[in-house]
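Everything on this sheet refers to the single structure shown next.
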Amino acid sequence: MHKLHEYLFNKAMSTSIPLTFNATRFDIRQVNVFLHVAEELHYGKAAERLFVSQSALSRSVQSLEEALGVILFERSTRKVRLTAAGEAFAVEARLALVHIERARAAASGATNLSTKRIKVGYMDFAINGCLPEIFNNFHNEFPDDIIDLRYGPTQSQKKDLIEGKLDVAIIIGKLNSNKVKNILIEKYDYVALVPEQHPLAKNSEIKIEDLADLSFVLGNEDSFGTFRQLFFPICHAVGFHPKIIQEASSTTGILGMVAAGVGLSVYAGCARNLQRAGVLVKPIINIKDLIPSYACWVTENNNVVENRFHRYLESYALNDG
C-alpha cells in the first residue's frame, strides 16, 4: 500500500468518526479495513497488517456493505476481487481520508500555533539590505516561529503571494490590490559598481550622464526586470540607453563580471553591504529617485503567527510619503 495511505490509515485507526450516508452509519475503522482488503485483495494478509483476526475483519466488511447497501467484494475460495461498486467506493474513500487528515492537521495547527513556518519571499536587494536584521531580531524575540525563505524576483513573488504560495513578499514597489497590505521597509539610492581598474574608479562620486557611452553589466530581465523598469527611464531622461554587453541572473554574477572588468553596473545602495575584491561602489549623486522595497501580504485569513510577523514588519515601516 502507498505509504501515505498507510499513514492515514494508522492515524485514523485510533479514532472512530461516524459518517452518515442516506441515513446509514459506518465509521472510519470500517473504511480502513475495507481499504486494506482492497489493497491486498486477501483477507488473511489484510488481517495481519491490521493486527486483527480474519473473522473480525470479515465482519467489519460485511457490516460496511450492509450500511452502504452494495457488495464491495467478489469472494471465492481462491481470490478476492473488487466489484464495480467496490472500486468506486475505494477511490472516494481514499480521497476522503486525505481530506480528513488535512482537517486534522488544520485543527491541530489552530490549537498549537507556537510553531509555524512563515513563507517569506525575497529579492536580491532585500537580502543584501535590512532583511537579515529583521529576520534575526524576529527570531530572537519569537524563536519558535520559523521563517522559510524563498528567493524570487518581484514579479514572480507577486504571483506567488496571490496564489497563497507565500505569506509575505518582499518586493520592489507595491502590489496594488485592495486585498493586499503594503509596508515600506527600505529605500535604496542608486550606486555604480565600478571595476577597480576602470577610468571612473578614481572618482569619489558619479553622475548618471558619466555612464552614457560605457559598457554595462546588468541584471537580466527575468531576475531584475522591475529594477530595469525603474532605471531605464532615468537613463532616457538624460539622453542615452545603457549599452549592455553582459547580463547576469544574480548579484553574485553581476559582481563577478564587474570584478573581471567586463563592464560597470548600476545597483541599489545596499551594495555597500557587499564586499567583493576588484569592485568599487560609487554613489550616483544626481539620481533623486529612490528604489522602494515593500513587505506585502494578503489581509484575509491570516493565522495568529502570520499576524505576529506582520505586526513585527510594521514596526520597521518607513514614511511612505
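A short reminder: the numbers here are calculations on the coordinates, not readings from a lab. Fair warning: this is a prediction, and the values are worked out from it, not measured in the lab. Quick reminder, even Gly has a Cβ in these numbers, built from the backbone with ideal geometry, and neighbours come from all protein chains shown.
Structure summary
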| read-out | value |
| --- | --- |
| Likely footprinting exposure, Cys270, Cys235, fewest C-beta neighbours within 10 Å first | Cys235, Cys270 |
| Set of aspartates and glutamates near Lys243 by C-alpha distance (under 19 Å), chain-local residues within fewer than 8 positions excluded | Glu209, Asp210, Asp213, Glu221, Asp222 |
| Computed [θ] at 222 nm, helices only, for the chain once each DSSP H run of length n ≥ 4 contributes -39500 (n - 2.57) | -13500 deg cm²/dmol |
| Share of pairwise Cα separations in the chain, more than 38 Å, in percent | 44 percent |
| Lysines whose Cα lies under 19 Å from that of Lys179, excluding same-chain neighbours fewer than 8 positions away | Lys119, Lys158, Lys159, Lys165 |
| 17 Å Cα-Cα reach of Lys202 towards lysines, excluding residues that sit fewer than 8 places from it in its own chain | Lys282 |
| Sorted by Cβ neighbour density within 10 Å, fewest at the top, the residues His310, His241 | His241, His310 |
| Cα coordinate range in region 237-321, projected on the principal axes (Å, largest first) | 50, 29, 20 |
| Residue order, fewest to most beta carbons within 10 Å, for Arg311, Arg94 | Arg311, Arg94 |
| Viscosity 1.306 mPa s, 10 °C: Kirkwood-radius Stokes-Einstein D of region 190-289 over Cα pairs, µm²/s | 120 µm²/s |
